[in-house]
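The values are calculated or read from the model by the stated rules, or taken from the named source; none is laboratory data. Predicted model, so just to flag it, every value in this text is computed and none were measured. So basically every Cβ, Gly included, is an ideal-geometry build from the backbone, and we count neighbours across all protein chains shown.
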Amino acid sequence: MYSRSFSSPAFARFRKCIVVKRRIYKLMEEYKNRDANGEGRADGSGQERKALSALKSAPHLYFLLSMCTRAPYVVCDPETFDDEILVFLDRDEARAESERFSEQKIPVQAARVEGGHLLAFYTSLYTMGINALLTVVSGEREVIQLEEILQRRTPDSLPEGKVWVENPALYLTSLYYMQELRRQPNLEHTPQLQRLQEEITGHLKRGSYILGVEKETSRVPLMKLGADTVYQPFFTDALEFQKFNKEDKLRPLVIPFDKIMKALAPQAKGMLLNPMSINMPLALSQKEPLGKEGEAFETQ
């Protein structure tokens with residue numbers, strides 16, 4: 001049984017679910033309950049084992065990619081509080097589901113992962129705070145926990161001198177926030193999104209982040225948003241940093257949030273979090289970087 005106290009992870013997930021519209025719940029419920037012929041599904045541990053085996057050994061699979069975040073589209077199950085993504089073994093089914101979401105004005109597309117990249121894909125889900133996959137095998141839908149597919153390394157397993165930098169709670173909350181904000185920009189000041197902003201602020205202050213520095217010049221990269229607004233890229237984890245540093249021109253520095261202002265270039269308005277995915281600008285106050293809850297940043 002989940003505790004509903006304000007400090008519990010379950011309640012935090014419940015709050016994130018608020019922004020997931022009822023029509024999304026309906027889509028997910030329909031997806032879970034129908035088989036390939038449109039009939040009800042039958043539960044069984046045999047099907048779950050088959051689904052688990054397929055996800056581990058598939059030559060390729062498909063998932064719904066959010067056009068708002070350039071990351072897997074994530075939905076919080078209102079009953080189990082699982083943070084789920086939809087994955088498919090069949091391309092046509094992935095495309096059909098993508099069209100159903102698009103009809104509800106939820107911009108997604110079917111994206112493919114080759115079998116040789118499955119390990120990296122599943123690992124990346126951990127860094128995003130995603131804990132379950134909703135899939136179909138032999139015409140039946142199954143929810144598979146990510147930990148059943150891939151066991152995570154722990155910080156203790158890192159070589160001496162290496163630092164573990166991940167911010168899954170921040171990443172996950174940001175996914176929910178940006179999925180809604182960019183889909184309907186006028187929703188920015190709704191109570192639901194304001195609550196998500198407050199959660200993001202709390203997670204942001206507790207984290208450490210990766211800053212890229214040019215190996216040859218020690219300069220930091222800057223990115224322009226709009227005509228003249230400059231932001232400085234920061235990364236929630238090593239995978240996001242690697243996406244940005246494909247040419248290997250940057251070396252990583254780990255910066256706790258309370259040191260961010262010292263690391264920020266004078267011309268930068270704030271942080272640009274994970275520019276290769278959520279690309280979320282956080283305008284930090286130079287005078288009061290640790291302001292009241294919900295006021296540490298504003299999103300663009």
- [ ] Would you confirm whether any residue within region 170-190 is under 30 Å from E84 (Cα atoms), part of a loop (DSSP other than H, G, I, E, B), out of contact with any Lys or Arg (no Cβ under 8 Å at 6 or more places or on another chain) and of a type in the set (S, T, Y)?
- [x] yes
Task: Sole residue being assigned to a loop (DSSP other than H, G, I, E, B), under 24 Å from E148 (Cβ atoms) and modelled with pLDDT under 50, chosen from A36, A12 - done: A36
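Which of the residues that make up region 82-111 are among the charged types (D, E, K, R) and under 19 Å from the mean Cα position of the chain (by Cα)? Spell out the reasoning first.
First, pick out the residues of region 82-111 that are among the charged types (D, E, K, R): 82-84, 90-93, 95, 97, 99-100, 103, 105.
Answer for region 82-111, where residues must be among the charged types (D, E, K, R) and under 19 Å from the mean Cα position of the chain (by Cα): D82, D83, E84.
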Open item on the list: Going residue by residue through region 131-148, is there one that turns out to be of a type outside the set (A, V, I, L, M, F, W, C), free of Cβ contacts under 8 Å to residues at least 60 places away in the same chain and under 22 Å from C68 (Cα atoms)?
Closed with: yes
Open item on the list: Please count how many residues of region 266-300 are modelled with pLDDT of 95 or more and among the small types (G, A, S).
Closed with: 3
Task: Any hit, region 190-197, residues being buried (at least 17 other Cβ atoms within 10 Å of the Cβ) and under 22 Å from K243 (Cβ atoms) - done: no
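Restricting attention to region 78-89, does a residue exist that is hydrophobic (A, V, I, L, M, F, W, C), more than 23 Å from A169 (Cα to Cα) and assigned to a loop (DSSP other than H, G, I, E, B)?
Applying the first criterion (hydrophobic (A, V, I, L, M, F, W, C)) to region 78-89 yields 81, 85-89.
Going one step further and asking which of them are more than 23 Å from A169 (Cα to Cα), we end up with 88-89.
If we keep only those that are assigned to a loop (DSSP other than H, G, I, E, B) as well, we get 89.
Yes, region 78-89 contains at least one residue that is hydrophobic (A, V, I, L, M, F, W, C), more than 23 Å from A169 (Cα to Cα) and assigned to a loop (DSSP other than H, G, I, E, B).
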